[in-house]
């Protein structure tokens, strides 16, 4: 399981899911676009659903458990990009379009926000 850290929020996803999210998020940020992202929470972290607003003005960090880069599925990338362009924003789904549960979530202090 890898993690995505954004403004102190740490969300854990399978490395393959996270790799595809990284491709989509980086493409959106390169265009200067902000957007919402949402996912299903696993029962281990309280069940339910979570969402956050992503903007290229804030740094994002991806940490993968595995050393191998998973193969990229372009159809999956295209589906995630279409989702990110929609009013609902980027809904985290798997390669078959099923909703993905985050396996963990937490918070880490972010020093650069405290200095503002």
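The values are calculated or read from the model by the stated rules, or taken from the named source; none is laboratory data. What you are looking at is a predicted structure, and each value in this text was computed from that prediction instead of being measured. Cβ atoms come from the backbone with ideal geometry, glycine included; neighbour counts cover every protein chain shown.
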Original post:
Hey, any hits in the range 49-59 for a residue that's in a helix (DSSP H, G or I), at pLDDT 95 or above and either on the phi > 0 side of the Ramachandran plot or in contact with a helix residue (DSSP H, G or I) (Cβ under 7 Å, 6 or more places away or on another chain) (or both)?
Top reply: no
**OP:** Using the structure shown, decide if residue 36 is more than 12 Å from the chain's Cα centre (by Cα) and surrounded by 12 or more Cβ atoms within 10 Å (Cβ to Cβ).
**Re:** no
Original post:
Within the range 79-87, is there a residue that is outside any loop (DSSP other than H, G, I, E, B), out of contact with any strand residue (DSSP E or B) (no Cβ under 8 Å at 6 or more places or on another chain) and within 19 Å of residue 103 (Cβ to Cβ)?
Top reply: no
**OP:** Considering only the range 24-33, state which residues are surrounded by 15 or more Cβ atoms within 10 Å (Cβ to Cβ) and either over 10 Å from the mean Cα position of the chain (by Cα) or at pLDDT below 95 (or both).
**Re:** 28, 29
**OP:** Kindly list the number of the only condition in (1) under 18 Å from residue 102 (Cα atoms); (2) part of a helix (DSSP H, G or I) that fails for residue 12.
**Re:** (2)
Original post:
Taking the range 56-84, which residues are within 14 Å of residue 35 (Cα to Cα) and touching a residue at least 24 places away in the same chain (Cβ under 8 Å)?
Top reply: 56, 58, 60, 80, 81, 84
